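The values are calculated or read from the model by the stated rules, or taken from the named source; none is laboratory data. Source: prediction; values computed, not measured. Note: ideal-geometry Cβ built from the backbone for every residue, glycine included; neighbour counts use all protein chains shown. To get the accessible areas, we keep the full protein, side chains included, count just its heavy atoms, and leave off ligands, DNA and RNA. Shrake-Rupley method; radii C 1.70, N 1.55, O 1.52, S 1.80 Å.
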Amino acid sequence: MGIKKKDVLLAGSLLLAACLLFFVLRPKGDGGQIRITVDGKLYGTYALSGEEKIRIEQESGVNVIHIRDGAVWMEEADCPDGYCIRQGKMERRGQAIICLPHKLVVEVIGQEENENGEALDVVVQ
Amino acid sequence: MKKDFYVIALVCGTILAACFFCGCFGKEGELLVLEDSEASLEFFAMDTYMRVVAYGREDQANAAVSAAREEIYRLEKLLSTELETSEIYQVNAHGKGELSTDALSLLQRAVQLSEMTEGAFDFTVYPLMRAWGFMDGQYRVPSPSEILGLLGKTKVSGVLVDEEQGYVEFEADGMQIDLGGIAKGYAAARIMDIYREKGIANGLVSLGGNVQVLGTKPDGNLWRIGLQHPDGGKEYLGVLQAMDLAVVTSGGYERYFEQDGERYHHILDPSTGYPAESGLLSATVVSADGTLADGLSTAIFVMGKERAVAFWREHIAEFDMILYTQEEELYVTQGIVGDFSSSLLFEIISEEP
Ligand SMILES: [Zn+2]
């Protein structure tokens, strides 16, 4: 038996239903995640929605990263320039706090949306 | 009977298909494009944090980002002011020396940019940068007489370039140059060429404040580039949609030190030797030319709004800009207005005064 009209109809409705379900089930942007890397190596991934203080001690020095209320910031750092502390609170995908002297990067990743509801690819900062 | 079968098949199929579609989401919740794989590398170089991304066939994309990183390391070795083996270090140490083709052409580019901006871009400001401690983090406010003395060594006209011999010599003792003001922009532009050579049509680099994009996103949409607000993380100045463009921001809001209640940021005005007080908090330059965008962002910041607008009107075909002032006013030049959106009010700078 060849392909019947009914089969085509079935396939079509399946696809349509799948699309609908996909929109219902798709992961929601709940504030995204924080990725911390030290000298290019992954240190850890954390939920931006939680509350956490992460203390990272290296030979080069200490950083304390604080996650709360959907934002992340560098709370303490003993790097000579202190730029990482001044970068303030980050909460949007694509943003990053960088401590150059300690080669430490705190990035906001995940499905974070901006005011227009569309994600950013990169942030110039 | 048959009808029941269709209903069951429909339900099961739907669930399966939905799971399949949802499975297409990466752990970051993004839709992964099946035809194009993404390759990216993150690393520290040129005193900043860098990220290079390429989309394409997996092997090509991987090769492209590796080559991009190699190119940055190569340029860093050539242009570093701190690495004893670099050509620039040697020229600075001896007041003269030979330059290879790459370093020479970048130096000539720097000279052009300085002339174009009537000195607002100045790569001979390096001795002053050192005196202020911006190179090593040993911050201090130099005395007025020290600044005056160093201003005498801050002059692009004192850099004598012999193009044919590949040779450079400084007119005065103690003069030093730093091509760091365009090195990242040049690197970004070079990477776009490397991507093309490697068969990559879509990519993005972010080299510490220098962003450059190749083509569109793999899905054909324009890249969405957020501009950091000088006040910090929560808000953006705006979002620029772009293809085949470089976007570079200069601002004094991150790198600064405080002494006796005064704030001193790292962008020096080459005409005074002090941190530029032009009334701007940030200057963003948008151009197809990454090197130009890099050099101009600093120059525009030094110029301030009024001079920058006059300058832009003379160079409309070459770049666009987004300015944010101390009075919290946002200005955007006409050429990119259609691709710029912001939750802040902004004024459009048009070609006609
Ligand atoms: Zn730091």
If you take the beta carbon distance between residue B:43 and residue A:13 as r and set R0 to 56 Å, what does 1/(1 + (r/R0)^6) give as a FRET efficiency, to the nearest 0.05? 0.70
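What shape does segment B:159-228 take by its C-alpha gyration tensor, where a ≥ b ≥ c are the square roots of the eigenvalues and a/c under 1.5 counts as rounded, a/b above b/c as prolate, and the rest as oblate?
Values: a/c = 5.39, a/b = 2.17, b/c = 2.48.
Cα axes put segment B:159-228 in the oblate bin.
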Can you give the accessible area per residue of chain B, in Å², using a 1.4 Å probe? 46 Å²
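When only DSSP loop residues count, what GluC sites (Glu not before Pro) in segment A:43-72 have their Cβ near at most 13 other Cβ atoms within 10 Å? All intermediate terms of the calculation are to be shown ahead of the outcome.
Values: sites: A:51, A:52, A:57, A:59; in loops: A:51, A:59.
Counting only loop positions with at most 13 other Cβ atoms within 10 Å, the GluC sites (Glu not before Pro) in segment A:43-72 are A:51, A:59.
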Could I have the simple spin-label model distance between residue B:288 and residue B:272, label points 7 Å from Cα toward Cβ, reported in nm to one decimal? 3.7 nm
Given R₀ = 41 Å, FRET efficiency for residue B:100-residue B:216 by Cβ-Cβ distance, to 0.05? 0.70
Angle between chain B longest axis and helix B:101-116 axis [Cα atoms, degrees, rounded to 10]: 80 degrees
Phi to ³J(HN,Hα) by Karplus 6.51 cos²θ - 1.76 cosθ + 1.60 over segment B:177-184, Hz, x for Gly, Pro: 10, 9, 8, x, x, 10, 4, 6
Expressed as a whole number of Å, what is the distance separating the alpha-carbon centroids of segment A:54-82 and segment B:133-185? 35 Å
Which of the GluC sites (Glu not before Pro) found in segment B:50-108 are in a DSSP loop and have at most 12 neighbouring Cβ atoms, other than their own, within 10 Å? B:82, B:84
With a Förster radius of 22 Å, plug the Cβ-Cβ distance of residue B:347 and residue B:316 into 1/(1 + (r/R0)^6) and report the FRET value to the nearest 0.05. 0.80
What is the spin-label model distance, in nm, from residue A:59 to residue B:263 if the labels are put 7 Å beyond Cα along the C-beta direction? 3.6 nm
I want the local charge near residue B:204. Using Cβ-Cβ distances under 12 Å, sum +1 for each Lys or Arg and -1 for each Asp or Glu among the other residues. 0
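Dipole of segment A:33-109, Cα-centred, from +1 at each Lys and Arg C-beta and -1 at each Asp and Glu C-beta, to the nearest 20 debye? Write down the numbers at each step before the final one.
On the way: 10 positive and 12 negative charges, 62 e Å.
Here segment A:33-109 has a charge dipole of around 300 debye.
If you roll a 1.4 Å probe over the protein assembly as shown with all protein chains in place, what percent of the accessible area is carbon or sulfur?
Values: 11530 of 22710 Å².
Exposed carbon and sulfur together represent 51 percent of the surface.
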Quickly work out the residue B:93-to-residue B:169 label distance, labels modelled 7 Å from Cα along the C-beta direction, and quote it in nm with one decimal. 2.1 nm
Total accessible area lost when A and B pair, probe 1.4 Å, Å² to nearest 100: 4300 Å²
Here are some pairs, B:96/B:155; A:103/B:184; A:53/A:89; A:41/A:103; B:77/B:153; B:96/B:153; which of them have Cα atoms lying more than 21 Å apart in this structure? B:77/B:153
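Per 0.36 nm of contour for each residue apart, how much would the distance between residue B:328 and residue B:82 grow if the chain were fully extended, relative to their Cα-Cα spacing?
On the way: separation 246, 0.36 × 246 = 88.56 nm, distance 3.71 nm.
That pair, residue B:328 and residue B:82, stretches by 84.8 nm at full extension.
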Rounding to the nearest 10 and keeping the result within 0 to 90°, find how far the Cα-based axis of helix B:2-23 lies from the longest principal axis of chain B. 10 degrees
